[in-house]
Each structure stands twice: as structure tokens, then as C-alpha cells.
Amino acid sequence: MSDKRENQLSRRTFIKGAAASAGSLALLGVGIESAVALPAPKKWDEKADVVVAGGGGAGLSAAIWARKSGAKVICVEKASTSMASSTAVSAGGFAAAGTRSQKKENVQDSSDLLYKDIMSFTNNEADPAVAKMYSTQSLKAYEWLMDLGVPLVLLQHVESHSVAREHWLNAAQLMQLMEKEAGKQGVGLYLNTAATNLLVNDKGRVIGLRAKSKKGEMNIMAKKSVILASGGFAANLPLCGEFGGPEFRAVETLGGKGNVGDGLLVALRLGAATKNMYGSVVNENLAIASAANVTLPQVVWDGGILVNKDGKRFMRESRACFEMGGETILQPDRTAFIIWDSSMKKSPLTSRKLAREATLSGGPVQSGSLRELAAKLNIKPDQFEETVNKYNSNIDKNADPDFGRTTLSGTEGKPVKIAVPPFYGIQIFAKSYWTKGGLKTDDRCRALNWDNKTIPGLYAAGEIMFGNIGSKVLTMGTGVGGAVTFGMVAGENAAKEKPWTK
Ligand SMILES: Cc1cc2nc3c(=O)[nH]c(=O)nc-3n(C[C@H](O)[C@H](O)[C@H](O)COP(=O)(O)OP(=O)(O)OC[C@H]3O[C@@H](n4cnc5c(N)ncnc54)[C@H](O)[C@@H]3O)c2cc1C
């Protein structure tokens, strides 16, 4: 689809979808009808060099790096805490090449290889300049997180990468440590404060932000730039349906509930261009029904298989986590089951997740026989037994004629039999994690208009601009990695802008 067509469609659809969800936006304190660019106000309530909208992974990173670059920074966050963001509840996978953690495990990697992997996995639909920037700058962002003390749980080789470069970080601690660093650096973080409008002068330059809190509205001057880091729109179901397809109108998100597309909407009204807004823009993944935030692909990558209610496998289980979600949503009753046995070697991440899931309703069930397990999970038993037996005998033959699984995850590990009781199973559902399309930017995270010109004073970082690094797929680890890295790049560059006023 050409950019112009995307422009026409996305502008029209976005506004229609946003209006459809105006009720939920109003609840969050954002008046959709007022999400337009406004002229310079008569009075400024606050002044800063750089103003950041959104205090999640990208927003905090942007705020800290702008501050480290010498700017006075205000960051407004709609929720009462940064811990309500998608970054905080994520699985923490961060893709970077040439890291100290890889060196420790003798993994040979380079930014060139990461770049090649991103372009190849996204079928060359990622913007080459942005992908190149990510491939080099993510190393700096990752090393910074290590210096802040963010714990690495596991380094793993996953689908979409040619070496082990998925650095699974403890995401909650990542956010806590960034919030602490923001305080230490002197970032003004205003919680319970929603960005509602961009303020623009008569030359079309963004000069500030209007925000709303319980105390009322305030106009915050941004002498240098505004950075939009308000996440994607996975919590806005009408929009997910419009851009992702009808099946996404009802897919609950596990991500930040405030991510309803506020930043996208205000920028679109200002003439900002989008990239990759169409197709399967919603990134779905696996979760158990009762859980607020659980990710289960690790169990599959450690050796589990996926079957549907009919007892049949339906995909190569070594594929990327969001592909598991995408396939699960197509199964009978939009559900599936992960099956494993007691001999499966669990990674530390799996053990941690399963320990938590065991405490939840809908958590794993176990049984001494495959038939009994099928009965407990309501799976057709004859077909289920046949499926597992066939899977096991194919492992003896070192082949999987049905789906081609020859590894556990990516190119790593050999599939293992499901043969030693007790057997385990867990019912899973596809839930949406994040959205992929977004504002078009250059490799400095400057927002672009439909003529590919920068919109003066406006930057975008994080999920709001992931369309630049992804397509219908997002290379694994470039979500959390993208939030922190693009935040860093946006913050550094925003702080270098020439001020429009003294
Ligand atoms: C369960 C889950 C697991 C995931 N696992 C991974 C993974 O392992 N690896 C990976 O790469 N990616 C993963 N992702 C995706 C990744 O976490 C996100 O895409 C990324 O962290 C988004 O960062 P962000 O800063 O753009 O958005 P967020 O971290 O969500 O921050 C956006 C913030 O903006 C605030 N906001 C919204 N509107 C406004 C407004 N009007 N004014 C002020 N504030 C506003 C929101 O409240 C929110 O705090 C996962 C996502 C989920 C949900």
C-alpha cells in the first residue's frame, strides 16, 4: 500500500475508531474531540526545554537522555505510576548485538548482523535508516541498562535472529531503576497527568504541550521539542479492529491500559505521516485466561508442544511468540493448549513463570497419563494420544514432516519427547500485547509529514513509531529494546534542537 493511500485511510480510520472509543478515552481523562493542535496560549504554566508525553519505557528513557544532554525536562504520565506501562509488564526481551552478556557466553555478533536480521525478518519493510540506527544504538542503550543494574535473566537464541541475542531482562526492575534514575537526573515527572494537545505556533513549529490532571489544564512550554512516547493503541479495541482486522475487536490487551493511541491521534491531526499501519498490526501472544500478565512461549521453547481442542498440533512451535498467538487465534474456540512432560529441562525463565502460573486459576494441570490429561483439559483424547505418539516417533526419525520443527526455539536446541509422566498441560488464549504501526520518523526519531519533511519540534519514540522498525512482524526484542533505544535517541536529539524562544 502506498504511503499516500496509508495517509488517507489511516487519517480517516483513526479518527473514526477513536471516536468510537471516546467513552473509554473520556474515562482516562482524554477528551478525543479536543485532541487537536492548538495555537500558542496566552499564558504558560510550566517551562522546559524538552517535554515528554508518556512515562513508560520510551518516555523515561527519552526524559533521562534529554536531561543527560543538558536539557530541562518535564515528562507527563497519564497513569498514577510508570509501572502501569507495557514496558513494566513486558517479558523484558531486549535485542542488542555485541553486548557484554553475549561476550561472556562467547556469542559472536555484530550490529551489521542484527541489521540484516531485522531487514530479512520484516521482509525489508522496516525503514533501513531506522533499522540501522537501532542496530548500532541498542548496544549503547543495553549497556546503560546494565550499568543501572537491570538484571539479565537469560540470554537466548529465538526466532528472527541468527544468534543468541534475546536478552531477557527483569522488566519491572528495568522500569523501577529508570524511574529512580529519572529522579536522580532531575527529570520533572508529573504522574496522573495526560497530554491532550500539541501547541503549535503560526509557523507550524511545535512549541509545547497541553496536559490535564485533577488540578485542571496546564500549558507546558517546550523550548526545544516535544517527544511523543505515549505507546501504541492496543487498549483501543475499535482501532485494533480497524487496523488489524475484525478478529482484533475483541482481543483483550495485556499491555498498558492507557495505550489508546492519544499521541498518534494528536500527531495525525497535525499532518504527521504513518508507517505500516495496515495488516495484522496487533501483536498477539499467549496467556492464560485468568492472568493479567503472563507470557508462556518459554514453556513451548523449552520443549512443549501446542495442540488445539481437537488434539491436533497446528504449527512449528519453534516460531516467534507472536506467531504462536497469531496461530492460536485461528484455532477452534480461539484457544489452544501447551503440553509438556516432567523430563523437560526448564530454563530459569520458565521455572519462574510456571511457579507463578501454578498459583493462578487456569494454571497448569497434571496427570499420570496422556488420556487423563486430555480429559482434564477437555481435548479429544484419541486424536491427542495419536498426535503426541506421532510427535515422539518423529523425534526418533529426526524429522517433523507435519510442521518442520527441528529445533526448540530459533535454531537452538533439539526437540524433546513428551514421554515421562506426570504430563502437564495449560490452556492458553491469544491476547494482544502491542501494536506495530505508527508515526513515521527519521533515524533521529523526528516525526515526519507526508512529504517526508520533519515536523519542527516534534519527536516520537517507542511503540508509537514501531512501524519504522517492523512490518506485519516485529523482530523479537525490538519492542523493549525499541522503547529504551528510540527513547535514548529521541532524548539526545531533542535536547540538541535550537530553541524557538529564549
Ligand atoms: C505482556 C507483554 C510482554 C511483552 N514482551 C516483550 C518482550 O519480551 N520483548 C519486546 O521487545 N517487547 C515486548 N513487549 C512489547 C514492549 O514491551 C512494548 O512495545 C514497549 O515496551 C512499549 O514501550 P513504550 O514506552 O512505547 O510504551 P509504554 O511502556 O506502554 O509507555 C507508554 C506510556 O504512555 C502513557 N500514556 C498514554 N497516553 C498518554 C497521554 N495522553 N499522556 C501521558 N501519558 C500517556 C501510558 O500510560 C504508558 O505509561 C511486550 C508487551 C507486553 C504487553
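Worth pointing out:
- Heavy atoms of the protein chains alone define the surface here; on that basis the range 286-431 has 41 Å² accessible area per residue at 1.4 Å probe size.
- In Å, descending, principal axis extents of the Cα set of the range 31-118: 59, 29, 25
- In the chain, the portion of solvent-accessible area held by carbon and sulfur atoms comes to 51 percent [1.4 Å probe, whole percent, DNA, RNA and ligands not counted].
- Size of charge dipole - the chain - debye, nearest 20, with Cβ of Lys, Arg +1 and Asp, Glu -1, no other charges: 1520
- Cα gyration tensor shape for the range 286-431, rounded if a/c is under 1.5, else prolate or oblate: rounded
- Bridge orientation summary for the chain: considering DSSP beta bridges with both residues in this region, about 70 percent are antiparallel.
- Cα-based equivalent ellipsoid of the range 104-197: semi-axis lengths in Å, sorted from largest, via gyration tensor: 29, 19, 12
- Local electrostatic count, VAL200, Cβ distance below 13 Å [Lys/Arg +1, Asp/Glu -1]: +3
- Proximal charge balance of LYS68 [Cβ under 11 Å; K/R count +1, D/E count -1]: 0
- Since only ILE74, THR478, GLN298 are under comparison, the one whose Cα sits farthest along the positive direction of the charge dipole of the chain, derived from C-beta charges on Lys, Arg, Asp and Glu, is ILE74.
The values are calculated or read from the model by the stated rules, or taken from the named source; none is laboratory data. Quantities reported herein were computed from a predicted structural model and do not represent experimental measurements. Quick reminder, even Gly has a Cβ in these numbers, built from the backbone with ideal geometry, and neighbours come from all protein chains shown. Surface accessibility is based on the protein's heavy atoms, side chains included, excluding ligands, DNA and RNA. Shrake-Rupley method; radii C 1.70, N 1.55, O 1.52, S 1.80 Å.
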